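Below is one structure, written out as structure tokens, with a few remarks after it.
The values are calculated or read from the model by the stated rules, or taken from the named source; none is laboratory data. Since we're looking at a predicted model, the values are computed, not measured. Reconstructed Cβ throughout: ideal geometry from the backbone, glycine too, with neighbour counts over all protein chains shown.
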There are 2 protein chains.
Amino acid sequence: MRQSQTLIPTLKETPADAEIKSHQLLVRAGFIRQTASGVYSFLPMGNKVLKNVEKIVREEMEKAGAVEMLMPALQLSDLWKETGRWYTMGPELMRLNDRHEREFALGATHEEVVTSLIGDEVKSYKKLPLYVYQIQTKFRDEKRPRFGLLRGREFIMKDAYTFHTDQGSLDEAYQKMYQAYSNIFTRCGLNFRAVIADSGAMGGKDTHEFMVLSEIGEDTIAYSDTSDFAANIEMAPVHVTYEQSDEAALDLEMVDTPGYKTMVEVSEFLGLPLEQGIKSLLFKVDERFVLVLSRGDHEINDIKLKNALAANNVELASEHETKQLLNTEVGSIGPIDLPEDIEVIADHAVAVIRNGYCGANKNDKHYQNVNPDRDFKVSSYQDLRFIQEGDPSPDGQGKIKFARGIEVGHIFKLGQFYAEKLGAQYLNEQGKQETMTMGCYGIGVSRTLAAIVEQYHDDNGIKWPKEITPYHVHLIAVNPKNQEQQVLAENIYEQLQENNISVLFDDRKERPGVKFADSDLIGLPVRITVGKKAAEGYVECKLRENGEQEDLHVSELIDKINSLLK
Amino acid sequence: MRQSQTLIPTLKETPADAEIKSHQLLVRAGFIRQTASGVYSFLPMGNKVLKNVEKIVREEMEKAGAVEMLMPALQLSDLWKETGRWYTMGPELMRLNDRHEREFALGATHEEVVTSLIGDEVKSYKKLPLYVYQIQTKFRDEKRPRFGLLRGREFIMKDAYTFHTDQGSLDEAYQKMYQAYSNIFTRCGLNFRAVIADSGAMGGKDTHEFMVLSEIGEDTIAYSDTSDFAANIEMAPVHVTYEQSDEAALDLEMVDTPGYKTMVEVSEFLGLPLEQGIKSLLFKVDERFVLVLSRGDHEINDIKLKNALAANNVELASEHETKQLLNTEVGSIGPIDLPEDIEVIADHAVAVIRNGYCGANKNDKHYQNVNPDRDFKVSSYQDLRFIQEGDPSPDGQGKIKFARGIEVGHIFKLGQFYAEKLGAQYLNEQGKQETMTMGCYGIGVSRTLAAIVEQYHDDNGIKWPKEITPYHVHLIAVNPKNQEQQVLAENIYEQLQENNISVLFDDRKERPGVKFADSDLIGLPVRITVGKKAAEGYVECKLRENGEQEDLHVSELIDKINSLLK
């Protein structure tokens, strides 16, 4: 492609609204343009890299046995009402009425449509399992669209759905998709982790998020420094054997702690380590109240608490509720002398505390020399806290580290939630009606692009990985008015095309400095510069990845480039 | 692809709501399913043929020098207000508000977005001309969605836009696009015509519609039986030299025509040929009234009338207006004894009428022996009528025939309408601001699919052309429980794939009759049946196109298929 015939509007200045590198660079390098908040046009170069990611996704989906289809964006509200998401998704689901005042959603995802469709068309166990996918534009009216392609309101997604007669078949599909996703993100050149994630309220169980490691990620990942264990921090189990101290138990004692409320304040005031403190939080668990204890330096994880108590909903009790129940302020509550109907549960770490301290259920008072089970009753000890850096990895290998991650993929065993709501049934081998079991699997295609740029750039611009790059070679004629340079450049342009090496040929009448700066910004892997040595048949070959450069004779160029791109 | 692993839900019955063959067959063969009125899911086979059409479109667009991009469906209302189409497009333009109550249109087309984008990014004549295109989902809330993919509310379109400094450059782009469109529809196997079309109100001039010939088409095409002339019937000029009769002019005479009003009635009553009648129609032309004359067997063409009078708006006068002006009923008006302020214009054919007849501006009276220019004044004779079958072709070659056509493409010299409205300007070589000149070019991609099926089917199903077919070969094992058939079929399945011949392998446990019927319905070009002769290594090879079949030894299969698909 001749640069003069395409549209690559590079910018010298960083756009004021672009906070992160991928957003800045994709705009500056002329790949995308915003047309409304969270809504982007993909210019020719942006479209090319998008299509390259799509190609990888297609190939790996087909390998996993999935067939491509294409479902509509306009979706009748009826289906969304049947699953209840018409009501629960709120303003994120974009809605409109047609000319006959029929309500439609703009597809934010396609569980409703695909489940209804497959439920209508597949009536026998003989046609299961079935793996389908599509690559399509999705719409979500994000409250705060930002970070360019990372959180847009109109974006490209690959969504796949699998349909099964039984859990074993779903497990198999899940494994295949896990592998396909690993292949896809590996081919995209990404440093990522498959992370154990929260299945939320959707009834399913197993779920992994594919996270690209990046400082600007909005999620925290806990991962092992030696194994491939990785989990969303909310989902990482804590497997620690806490050692019991052999210190003698002292007598319980009430002390004044005037105005000291937080664990840190009380710890400092009493001159005792934070690890000896017992932190007490009053939770409202569905319709009852539970006092939850953790070590002073630990944090309670709501999701673990909810699972431990098999609750639908847990939230901290309000100040008002605390006062009513315990007649004290939040900063002074504790497990001793509690009303009998308040259950006490504690994280495992609390069990080994000797001569600790805790709130006394009296304002400005704490107990010292507190010993669990002697001074108060605990109904159960469980894993209730967030994992911390330095904790042993739950798989027994290495220690936990934290990283930030950008979610680019999500695989999910849906189970029967949607199939039940939408009546997706089939006849089993015995001729009996059964409900289908489902999995769903998403990849943010345009978001993956942004994640790639987050991991592949330097101060001068993007550095595209080989499978994603819009063109392999950037061919630059330093001075196209020079006859020798011009002829040689045209000759190389033809040779590259004949050898199926994709090439962007900067044939513009611009100063060399502008061409070189644009070339670094755009970030193709190989740059071939035709300059002063053109007369002798020599050109410069430079790698965007590491800046390495060498002079090459035109006769060895094709072989060299082919070996570089391998 | 194994048929057991994909979704091809064939139907025996024709869907009740499907009026035309392409709709019936695409549903019956399991290619598409409707999810809402005018909204379809492309099932795996439908998606494949769609992607094949898209591939052809991409290749020909690139050859024409166009670069692909991707613009959003969500479009701020502001742009549409600037061109006025927010108001003029009515309910066809789908609209919605986001969570902040900002108004959006769902892209029905992208002139507004692309003109604004290119106007922002291209500031110099050096970067023109520029050809861009996209393949994308469009939304139009049709009043009466019908005919399956032919008139949907959500559909796939290729839209291209070119930007120029001058008309000559636009003319060149238009020629390239004309050629690209001809290539595309030829590769799709379609019998089509490039038809001179009406440029409507959009300011442009040259425009062609690409029409696929089909009885179910909604447009009438006038084409030459010998040359490649073709025009929308509304746009075909009439080039006829009418011969003057040498009959002597007789005296004007008023006759009673009690209750006879139409030309046919009066002609029969008077016993005179229709060709001797002068038909008079009173038109309201902008703010004045004009009496328009044509020969009794001809029809006035509003578009020609509008152009002849350089009018913005022409419509037939109402009965009330006619009565008020001429004090007579519509069926009795005529050009003699008219009020002086009513201009009379006539089609060329009227000039040569001798001793004709016409309304007398008195109820139930007509004149006979009427001779134009002697009995009434005509301000001008022009080409005002619709062309008719049998007329000479306007290019002087052959005679006109009529055909019905499905519009699958449209190319259009937009001129400066959008660029002016949206301020798309550039600096010319002299550093002066100039307005860009534009062309736009659309192809209904999903509609093209339907048009292909209209031309490629028989009573048993679809017959896909080679470049569009979802797979080249349908491989059928008649009885997969038979070990020899099963092994041979699997072996052929592998061989075909190794030779890059795409194949759908019917490995289902269905009766042979079901498999053959489905195979005809689905319509792949080559069917290979592995049956009783499997033991000797023989299979049956049948062409969907013409039903030809022969037995082949497995050793000659690949060569044979390759030659068939060439």
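Out of all the residues in the stretch B:103-114, is one or more modelled with pLDDT of 95 or more and under 18 Å from the mean Cα position of the chain (by Cα)?
The answer is yes; a qualifying residue exists.
I need a count of the residues in the stretch B:61-79 that are more than 20 Å from A:Pro9 (Cβ to Cβ), of a type in the set (A, V, I, L, M, F, W, C), more than 7 Å from chain A (Cβ to nearest Cβ) and not in a loop (DSSP other than H, G, I, E, B).
Of the residues in that region, 1 qualify.
I'd like to check which strands (runs of 3 or more DSSP E) are fully inside the stretch A:206-250 and have at least 3 residues that are in contact with a strand residue (DSSP E or B) (Cβ under 8 Å, 6 or more places away or on another chain) and either under 30 Å from A:Ile353 (Cβ atoms) or at pLDDT 95 or above (or both).
Qualifying strands (runs of 3 or more DSSP E): A:207-213, A:219-224.
Being in a loop (DSSP other than H, G, I, E, B) and of a type in the set (Gly, Ala, Ser) is the filter here, so list the residues in the stretch A:278-310 that pass it.
A:Gly296, A:Ala310
Looking only at the stretch A:311-337, count every residue that is in a helix (DSSP H, G or I) and either in contact with a helix residue (DSSP H, G or I) (Cβ under 8 Å, 6 or more places away or on another chain) or not charged (D, E, K, R) (or both) and tell me the total.
9
Go through (1) assigned by TED's automatic domain parsing to the domain that holds B:Arg295; (2) without any contact (Cβ under 8 Å) to a residue 12 or more places away in the chain; (3) basic (Lys, Arg) for B:Arg374 and report which single condition fails.
The failed condition is (2).
Say we look at the stretch A:80-99 and pick out the residues that are outside any helix (DSSP H, G or I) and over 24 Å from the mean Cα position of the chain (by Cα); which of these is farthest from the other protein chains (Cβ to nearest Cβ)?
A:Gly84
Hey, does the stretch B:459-466 have a residue that's under 27 Å from B:Arg511 (Cα atoms) and touching a strand residue (DSSP E or B) at 6+ places or on another chain (Cβ under 7 Å)?
Taking every residue of the stretch B:459-466 in turn, at least one turns out to be under 27 Å from B:Arg511 (Cα atoms) and touching a strand residue (DSSP E or B) at 6+ places or on another chain (Cβ under 7 Å).
Scan the stretch B:239-254 residue by residue and report those that are within 20 Å of B:Leu293 (Cα to Cα) and in contact (Cβ under 8 Å) with a residue 24 or more places away in the chain.
Correct list: B:His239, B:Val240, B:Tyr242, B:Glu243, B:Gln244, B:Ser245, B:Ala249, B:Leu252, B:Glu253, B:Met254.
With in the same structural domain as A:Glu68 (by TED's automatic domain parsing), within 16 Å of A:Val408 (Cα to Cα) and surrounded by 21 or more Cβ atoms within 10 Å (Cβ to Cβ) as the only criterion, which of A:Ala105, A:Ala197 stands out?
Exactly one residue qualifies, and that residue is A:Ala197.
Does A:Gln175 meet the test of being of a type outside the set (Asp, Glu), in a loop (DSSP other than H, G, I, E, B), out of contact with any strand residue (DSSP E or B) (no Cβ under 9 Å at 6 or more places or on another chain) and surrounded by fewer than 22 Cβ atoms within 10 Å (Cβ to Cβ)?
no
Of all residues being in contact with a Phe, Trp or Tyr (Cβ under 9 Å, 6 or more places away or on another chain) and either in a helix (DSSP H, G or I) or facing chain B (nearest Cβ under 7 Å) (or both) in the stretch A:100-115, which is farthest from B:Leu76 (Cα to Cα)? Just the residue, please.
Here the answer is A:Thr115.
Quick check on A:Ser169: is it in contact with a Phe, Trp or Tyr (Cβ under 7 Å, 6 or more places away or on another chain) and either modelled with pLDDT of 95 or more or aliphatic (A, V, I, L, M) (or both)?
Here the answer is no, as A:Ser169 does not meet what is asked.
Need at least 3 residues that are crowded, with 17+ Cβ neighbours inside 10 Å and not hydroxyl-bearing (Ser, Thr, Tyr) per element, so show me which strands (runs of 3 or more DSSP E) inside the stretch A:338-407 make the cut, counting only ones lying wholly within it.
So the answer is A:343-347, A:356-359, A:365-370.
Give the residue, chosen from B:Leu79, B:Leu70, that is surrounded by 17 or more Cβ atoms within 10 Å (Cβ to Cβ), farther than 26 Å from B:Leu150 by Cβ and among the hydrophobic types (A, V, I, L, M, F, W, C).
Exactly one residue qualifies, and that residue is B:Leu79.
Which condition number does A:Pro9 fail, the rest of (1) part of a loop (DSSP other than H, G, I, E, B); (2) under 16 Å from A:Ala450 (Cα atoms); (3) at the interface with chain B (Cβ under 7 Å from one of its Cβ atoms) being met?
Among (1) part of a loop (DSSP other than H, G, I, E, B); (2) under 16 Å from A:Ala450 (Cα atoms); (3) at the interface with chain B (Cβ under 7 Å from one of its Cβ atoms), the lone unmet condition for A:Pro9 is (2).
Among the residues of the stretch B:123-138, which ones are in contact (Cβ under 8 Å) with a residue 40 or more places away in the chain, in a helix (DSSP H, G or I) and within 11 Å of chain A (Cβ to nearest Cβ)?
B:Lys127
Is the stretch B:144-164 home to any residue that is farther than 26 Å from B:Asn47 by Cα and surrounded by fewer than 21 Cβ atoms within 10 Å (Cβ to Cβ)?
Taking every residue of the stretch B:144-164 in turn, none turns out to be farther than 26 Å from B:Asn47 by Cα and surrounded by fewer than 21 Cβ atoms within 10 Å (Cβ to Cβ).
Considering A:Glu454, A:Glu434, which residue is over 30 Å from A:Ala18 (Cβ atoms) and of a type in the set (Asp, Glu)?
When all the criteria are applied, what remains is A:Glu434.
Kindly indicate whether A:Gly38 is in the same structural domain as A:His410 (by TED's automatic domain parsing) and not charged (D, E, K, R).
Against the criterion (in the same structural domain as A:His410 (by TED's automatic domain parsing) and not charged (D, E, K, R)), A:Gly38 does not qualify.
Filter the stretch B:149-158 for residues that are more than 13 Å from chain A (Cβ to nearest Cβ) and assigned to a strand (DSSP E or B); which is modelled with the lowest pLDDT?
Looking at the filtered set, the residue picked out is B:Arg151.
Given A:Asp120, A:Asp141, which one is surrounded by 22 or more Cβ atoms within 10 Å (Cβ to Cβ) and within 11 Å of chain B (Cβ to nearest Cβ)?
When all the criteria are applied, what remains is A:Asp141.
Name the helices (runs of 4 or more DSSP H) wholly inside the stretch A:409-507 in which the number of residues that are modelled with pLDDT of 95 or more, surrounded by fewer than 22 Cβ atoms within 10 Å (Cβ to Cβ) and under 29 Å from the mean Cα position of the chain (by Cα) is 1 or more.
Per the criteria, A:417-421, A:445-455.
Are any residues in the stretch A:530-558 part of a loop (DSSP other than H, G, I, E, B) and out of contact with any strand residue (DSSP E or B) (no Cβ under 8 Å at 6 or more places or on another chain), and if so, which ones?
A:Glu545, A:Asn546, A:Gly547
Is there a residue being under 29 Å from B:Ile216 (Cβ atoms) and within 25 Å of the chain's Cα centre (by Cα) anywhere in the stretch B:66-76?
Looking through the stretch B:66-76, none of the residues is under 29 Å from B:Ile216 (Cβ atoms) and within 25 Å of the chain's Cα centre (by Cα).
For residues in the stretch A:14-60 being part of a loop (DSSP other than H, G, I, E, B) and surrounded by 21 or more Cβ atoms within 10 Å (Cβ to Cβ), which is nearest to the other protein chains (Cβ to nearest Cβ)?
A:Leu43
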